[in-house]
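Every read-out reported here was derived from the displayed coordinates using simple, explicitly stated rules and does not represent laboratory data. Model, not experiment: these values are computed from the prediction. Neighbour counts run over all protein chains shown; Cβ positions are idealised from the backbone, glycine included.
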Amino acid sequence: MQSPAPHDLILYDGVCGLCDRFVQFLLARDSSDRYRFAALQSSLGREAVMRHGGDPDAVSTVYLIEHWGTDREQAKTRGKAALYAIDKLGGGWRVLGLLRVLPAFLLNFGYAVVARLRYRLFGKLDACPIPSPATKHKFLDAETK
């Protein structure tokens with residue numbers, strides 16, 4: 001029997017309006033059930049960030065951890081993480097994934113500008129939104145610090 005394909009874990013700022021929209025965007029289009037999610041503020045999110053050499057108190061960086069829970073785990077951050085996630089949705093979304101060929105410093109500069117303005121432009125939530133019953137299995141750690 002073949003084991004199921006590993007999931008990719010997306011770590012995001014659980015109180016950021018833009019981050020929540022990004023998660024909802026991915027949820028609506030993840031027809032292959034590829035992604036799992038956790039807030040950076042959750043115990044699982046903090047542990048994963050530390051394991052991959054990041055600062056668990058810096059919640060302005062999105063992480064995508066490929067092959068979550070396997071010995072092939074690999075972390076992508078910022079713009080590369082967001083573009084990778086969109087690209088792996090397949091279909092027409094792959095066109096946006098082509099931006100991954102841009103140098104990391106350009107992607108990270110653009111990402112940093114948006115990250116600095118995200119609360120002003122998209123708001124800050126009082127708490128991490130509660131997932132719907134249909135998507136609850138995709139959220140690995142709903143408890144935050």
For this session: Kindly indicate whether any position in region 111-121 is in contact (Cβ under 8 Å) with a residue 12 or more places away in the chain, buried (at least 16 other Cβ atoms within 10 Å of the Cβ) and in contact with a Lys or Arg (Cβ under 6 Å, 6 or more places away or on another chain).
Result: yes
Seminar exercise, completed: Residues of region 102-128 being of a type in the set (A, V, I, L, M) and either closer than 22 Å to LYS80 by Cβ or part of a helix (DSSP H, G or I) (or both), in sequence order, are LEU102, ALA104, LEU106, LEU107, ALA112, VAL113, VAL114, ALA115, LEU117, LEU121
Seminar exercise, completed: Counted residues in region 129-145 being outside any loop (DSSP other than H, G, I, E, B) and farther than 19 Å from LYS76 by Cβ come to 5
For this session: Within region 87-104, track down each residue that is in contact (Cβ under 8 Å) with a residue 24 or more places away in the chain, under 19 Å from ARG36 (Cβ atoms) and surrounded by fewer than 20 Cβ atoms within 10 Å (Cβ to Cβ).
Result: LYS88, GLY90, TRP93
